[in-house]
Amino acid sequence: MKGSSISPASVFLALGLAGLAVPSWSADIEAGRAKSMQCAVCHGAQGMATAPDAPNLAGQNEMYLVKALKDFKSKAREHEVMNLMAAGLSDDDMADLAAYYQSVEIQLKTAP
Ligand code: HEC
């Protein structure tokens, strides 16, 4: 583009640096939404848990979710069901799922 001083290389660099700070830059929220169907039976379609022993995931911090899933996969965190669920997830799956759950906006209400 004439007059533009932004080279493709610098855009790439900027995105790369942003990627370091915000791990979601390559994660795909829509793909995560589709992948979350297998989780919905316990965690709810939008991450508000339907099973009494399952935690809500809606609005949860993406980095925390990725770490939890990695820990379940490596069995650093033990839970029979989640160890099984995480075993089948790739790094991309985890990133997409975490991005989706973080993208769900939740509203807080405190007691009057
Ligand atoms: C059969 C029910 C069930 C299914 C299906 C299921 N989960 Fe879970 N999940 C649980 C339960 C129960 C826990 C609580 C584990 C514990 O006590 O440590 C949990 C915990 C988690 C946590 C940790 C949350 C936290 O606050 O630390 C994450 C993240 C998670 N699940 C993601 C998923 C994803 C992603 C899927 C789909 C790929 C999935 N789960 C499928 C039942 C389920």
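The values are calculated or read from the model by the stated rules, or taken from the named source; none is laboratory data. What you are looking at is a predicted structure, and each value in this text was computed from that prediction instead of being measured. Quick reminder, even Gly has a Cβ in these numbers, built from the backbone with ideal geometry, and neighbours come from all protein chains shown.
Would you please name the residue that is farthest from the ligand (Cβ to nearest atom), looking only at residues in segment 27-47 that are farther than 12 Å from residue 100 by Cα and surrounded by fewer than 16 Cβ atoms within 10 Å (Cβ to Cβ)?
Ranking the qualifying residues of segment 27-47, first place goes to 40.
Scan segment 69-94 residue by residue and report those that are within 17 Å of residue 40 (Cα to Cα) and either surrounded by 14 or more Cβ atoms within 10 Å (Cβ to Cβ) or within 10 Å of the chain's Cα centre (by Cα) (or both).
Across segment 69-94, the qualifying residues are 69, 82, 83, 85, 86, 89, 93, 94.
Return the residue satisfying two criteria in turn: it lies in segment 53-101 and is farther than 16 Å from residue 34 by Cβ and either modelled with pLDDT under 95 or among the polar types (S, T, N, Q) (or both), and of such residues it is farthest from the ligand (Cβ to nearest atom).
Of everything passing the filter in segment 53-101, 74 is farthest from the ligand (Cβ to nearest atom).
Does residue 47 satisfy being in a loop (DSSP other than H, G, I, E, B) and touching a residue at least 12 places away in the same chain (Cβ under 8 Å)?
Spelling it out, residue 47 is indeed in a loop (DSSP other than H, G, I, E, B) and touching a residue at least 12 places away in the same chain (Cβ under 8 Å).
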